[in-house]
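The values are calculated or read from the model by the stated rules, or taken from the named source; none is laboratory data. None of the values given here were measured: they were computed from a predicted structure. Cβ placement follows ideal geometry from the backbone for every residue including glycine, while neighbour counts extend to all protein chains displayed. These area figures cover heavy atoms from the full protein model, side chains too; ligands, DNA and RNA do not enter into them. Shrake-Rupley method; radii C 1.70, N 1.55, O 1.52, S 1.80 Å.
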Amino acid sequence: MAVPFNHREVENKWRKRWEEKTVNPKDPKKPKYYCLDMFPYPSGSGLHVGHWRGYVISDVWSRYKLIQGHYIIHPMGWDAFGLPAENYAIKMGVHPAKSTADNVKHIKEQINQIAALYDWDMEVNTTDPNFYKWTQWIFVKMFKAGLAYEKEMPINWCPSCKTGLANEEVVGGVCERCGSPVTKKNLKQWMLKITAYADRLLNDLDKLDWPEKVKKMQTDWIGKSYGAEVDFPVDGREEKIRVYTTRPDTLYGATFMVLAPEHALAASLATPEQKEAVDAYILQAANKSSVDRLQNKEKTGVFTGSYAVNPLNGAKVPIWLSDYVLADYGTGAIMCVPAHDDRDFEFAKKFDLPIIQVIAKDGVEDPDLQEAYVGSGVMINSADWSGQDSEKIKQEAPHILEERGIGKKTVNYKLRDWVFSRQRYWGEPIPIVHCPHCGAVAVPEEQLPVLLPEVESYQPTGTGESPLAAIDEWVNTTCPQCGGPAKRETNTMPQWAGSSWYFLRYVDNKNDKELVNREVADKLLPVDMYIGGVEHAVLHLLYSRFYTKFLCDIGVIDFDEPFHKLFNQGMITGKNGIKMSKSKGNVVSPDDLVRDYGCDSLRMYELFVGPPELDSEWDERGIDGVYRFMTRFWNLVMDNKDKNVPASKEMEKIRHRMVNDITSRLESFSLNTVISGFMEYNNKMIDLAKKEGGIDRETLETAVIMLSPFAPHIAEELWEQLGHTDSVFHQENGWPKCDEEMMKDDEVEIPVQVNGKTRCVISLPADVSKEDALKAGEEAVASRISGKIVKEIFVPGKIINFVVK
RNA sequence: GCGGAUAUGGUGGAAUUGGCAGACACGCAGGAUUUAGGUUCCUGUCUCUCGCGAGGUAUGGGUUCAAGUCCCAUUAUCCGCACCA
């Protein structure tokens, strides 16, 4: 009797072996392959089976590339600054540095259970001064390049997290992190000019092998639009009001104008009769939270009493204020064409303003317009434009306006600059010194890092000041420029600061002279494959692209996109698709499963549970099926390894087909069907081995090699049992290859249909001629044919169909 | 409201280019082994029908010799954006 399958013994044995000698030695002769996981923040709750999935996927891919002959860069680190770590620390009443260190230790142990190829020599931690020195260094470089600037303005403020937020961190009016409604707060903030990169961030998406969904989300977030700015003089005054429109073709239909309540001219446009109402409206708008603004879509507004002049036809149009116009997009003022814009239509109906149709689908005006017509058509009521195609006018209008000196062609973006300061303790101090004489001065590079000081109270103050502001001896310093007394910037950076560039540091994490050595970077970067959840589509992934482009521009690296290929894995949820969380009590820990079924079986089941890109419900029971497969495969190899049976034609066919199927499924990331493929071919091999009295060595070895990225321990053991002394991951010939000729059957089964319904299946030579096939098919279904055959279809290898009348 | 994705047995899910729907597993049922339970092995398992056969991939149409797959409309669920002029 062969050695029975004992996952615990096998796994313990190989863990030790791999510790003694890595299977992924740095070999400069091999081409690199950089496969990266989104690094976790070390929370106190540890890993559940959902966290495993992404790490298993990336490890399977890494090991596959390893066997193909690459040197694998597969690092792991800790995104340990930021709100989650700090909130956890506050909750548990310990210093964030302490709780972070404890959590890192714990999660590292849990990650090691996965038996991934992680190279811990490359480990980084964003809270390590040797790391955040370079996070600060990048900020200084951006400051010097004019990309980091201070501005006082109303920003998104989370009253629960007690800090300002970037636009990207506000989802549907609530804080992305804690779900509290976001308010506005007027604060002096550090901003990063990500808008300077808007076009490159947009255009370079084309270069990336990313899911279309993520590209689209970024495209929409950047929100580029083409249109025109048009100046409307204010009737009887000197000022002009500039508006932005994407529909200059509808200019003759502009019947009123709306300014955002925050517009600079809003108050001064009020006539004496309207002043009281206007002031009240401006005040009311200022107190409205963003959630109110989102939830209550009923249009409100107030007439200023003033009029503007349509520069094209001299028409006088009333100027209104309304909060449906955003102050910080375009010019904060719009011309309103109710006939051709839904929002303007609604506003015009509510306040009984005139509606002039200027485009008609068929050129005929609708006297009773019930809704805005936003499509294209023939221009009407538009002086010399009338009768022309509206799309043509849309293209030409900006130039016409420019010629007449009343407007110009313009481009606008939804993307806003990045609010970069946080009023919290647990982050990188912003390396700036405020000097009464010199203003904001960057801390000299040789003085970096600006260490995060120890404090008694690291709880957020909620006042808009960081807890750091209370530490006088830290705040008070000298100006690096003039030497006079000065104060340190007390805001910290957002969590995204470290994660925007950490992937560059892994490959040179001990370098204290440079962020990354250029030669090393040229050789080992960028990331070839990035694996993580979709939740960072416009946060981390946009910020990282921005940072990478900047670092490329200043010559630190020579590529301007960080992640060549991106894969978003779906979530593993609890019952009924509910996200696993401690509070829901539906968290499944991998610990028991690893103990009872082994790491390899859990790895396999993580993939088998469903398509990797979709969410999957965790169903504990299914893992039995994977475990049974492992046992059967183990027994198959053990029972046959010493038989030295020659390869039969039939067995060779199975082998080549197995290589073909498994490889193509793996290449297309259909990992759940790779696992079912292993099961299927295992059953086939078992059946045939029974019939033929054994199974040849090459087939066994091929199966073991292909299983090794998925179940590395068991594959190594079986490889050794098959008589090899080197690791299964070191294959001179790379990944198993298949020969299409060897996969072919001599005889093929072909269904024969009558009127599209299968009547029988016949066996024919693979290279049968059309005539012979049809003849054989007709004979086979002769008894089922009652009428006259009007059409005969033969698709080689697929189908025979007779159309009968 | 706009945009995107998804919809297949009791369950998770398979199905290159349109070519035998339900692979592979879970579960369930029956049997063998076992003192018994568990394990393991074998058989069955879309629905209706004793059977022949018929029907069947969210719903309704269409294209085709042939549709889960392509086209049109509808419904449901999930995700993204949400007054961006």
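In the stretch A:485-544, counting only helices (runs of 4 or more DSSP H) that sit wholly within it, the ones holding 1 or more residues that are in contact (Cβ under 8 Å) with a residue 24 or more places away in the chain and either open to solvent by 20 Å² or more (accessible area, probe 1.4 Å) or of a type in the set (Asp, Glu) (or both) span A:518-524.
Comparison of A:Met217, A:Met191 shows that the only residue that is within 14 Å of RNA strand B (Cβ to nearest atom), outside any loop (DSSP other than H, G, I, E, B), under 28 Å from A:Thr135 (Cβ atoms) and not small (Gly, Ala, Ser) is A:Met217. Can you find a residue that is exposed (fewer than 12 other Cβ atoms within 10 Å of the Cβ), closer than 15 Å to A:Arg247 by Cβ and within 15 Å of RNA strand B (Cβ to nearest atom) anywhere in the stretch A:360-373? No; the residues of the stretch A:360-373 include none that is exposed (fewer than 12 other Cβ atoms within 10 Å of the Cβ), closer than 15 Å to A:Arg247 by Cβ and within 15 Å of RNA strand B (Cβ to nearest atom). Restricting attention to the stretch A:197-238 and to residues that are among the small types (Gly, Ala, Ser) and surrounded by fewer than 16 Cβ atoms within 10 Å (Cβ to Cβ), the residue that is modelled with the lowest pLDDT turns out to be A:Gly236. When A:Tyr307, A:Tyr324 are checked against the criterion of being of a type in the set (Phe, Trp, Tyr) and more than 16 Å from RNA strand B (Cβ to nearest atom), A:Tyr307 stands alone in meeting it. Scan the stretch A:350-374 for residues that are in contact with a helix residue (DSSP H, G or I) (Cβ under 8 Å, 6 or more places away or on another chain) and either under 18 Å from A:Lys316 (Cβ atoms) or part of a helix (DSSP H, G or I) (or both) and the total you get is 5.
Condition first: within 13 Å of A:Arg17 (Cβ to Cβ), open to solvent by 20 Å² or more (accessible area, probe 1.4 Å) and among the acidic types (Asp, Glu). Now tell me which residues in the stretch A:712-753 satisfy that. Listed by number, the residues that qualify are A:Glu720, A:Asp726.
Candidates in the stretch A:411-423 are the residues that are assigned to a loop (DSSP other than H, G, I, E, B) and touching a Gly at 6+ places or on another chain (Cβ under 8 Å); of these, the one that is farthest from A:Cys161 (Cα to Cα) is A:Tyr413.
May I ask you to verify whether A:Glu680 is more than 9 Å from RNA strand B (Cβ to nearest atom) and either of a type outside the set (Asp, Glu) or at pLDDT 90 or above (or both)? Considered against the rule, which asks whether it is more than 9 Å from RNA strand B (Cβ to nearest atom) and either of a type outside the set (Asp, Glu) or at pLDDT 90 or above (or both), A:Glu680 comes out as no. When each of A:Lys641, A:Lys579 is tested for being over 28 Å from A:Arg15 (Cα atoms) and open to solvent by 10 Å² or more (accessible area, probe 1.4 Å), the lone residue that passes is A:Lys579.
Among residues of the stretch A:445-456 that are open to solvent by less than 100 Å² (accessible area, probe 1.4 Å), those with a Cβ under 6 angstrom from a residue that is of a type in the set (Lys, Arg), sequence gap 6+ or separate chain, pair up as A:Leu448/A:Lys133; A:Pro449/A:Lys133. Among all residues of the stretch A:279-302, there is none that is outside any helix (DSSP H, G or I), over 30 Å from A:Trp157 (Cα atoms) and among the hydrophobic types (A, V, I, L, M, F, W, C).
What do you reckon, is A:Tyr597 hydroxyl-bearing (Ser, Thr, Tyr) and within 10 Å of RNA strand B (Cβ to nearest atom)? Considered against the rule, which asks whether it is hydroxyl-bearing (Ser, Thr, Tyr) and within 10 Å of RNA strand B (Cβ to nearest atom), A:Tyr597 comes out as no. The residue list A:Ile789, A:Ile793 contains one member that is modelled with pLDDT under 85, touching a strand residue (DSSP E or B) at 6+ places or on another chain (Cβ under 9 Å) and over 28 Å from A:Lys653 (Cα atoms), which is A:Ile789.
Would you mind stating whether A:Gly387 is of a type in the set (Gly, Ala, Ser), in a loop (DSSP other than H, G, I, E, B) and within 30 Å of A:Lys91 (Cβ to Cβ)? Taking the combined requirement at face value, the residue does not satisfy it. Taken over the stretch A:658-699, the criterion of being under 35 Å from the mean Cα position of the chain (by Cα), open to solvent by 30 Å² or more (accessible area, probe 1.4 Å) and farther than 18 Å from A:Leu607 by Cα is satisfied by A:Asn660 alone.
Please go through the stretch A:42-87 and pick out each residue that is surrounded by fewer than 20 Cβ atoms within 10 Å (Cβ to Cβ) and under 30 Å from A:Glu456 (Cβ atoms). Hits for the stretch A:42-87 are A:Ser43, A:Gly44, A:Ser45, A:Gly46, A:Pro84, A:Asn87.
Just one of (1) in contact with a helix residue (DSSP H, G or I) (Cβ under 7 Å, 6 or more places away or on another chain); (2) within 16 Å of RNA strand B (Cβ to nearest atom); (3) open to solvent by 40 Å² or more (accessible area, probe 1.4 Å) fails for A:Leu707. It is (3).
The residue that is nearest to RNA strand B (Cβ to nearest atom), among those in the stretch A:749-786 that are at pLDDT below 85 and among the acidic types (Asp, Glu), is A:Glu749.
Among the criteria (1) of a type in the set (D, E, K, R); (2) within 14 Å of RNA strand B (Cβ to nearest atom); (3) closer than 26 Å to A:Asn313 by Cβ, the one A:Lys240 does not fulfil is (2).
Here A:Ala715 fulfils each of the conditions (1) touching a Phe, Trp or Tyr at 6+ places or on another chain (Cβ under 9 Å); (2) small (Gly, Ala, Ser); (3) within 16 Å of RNA strand B (Cβ to nearest atom) apart from (3).
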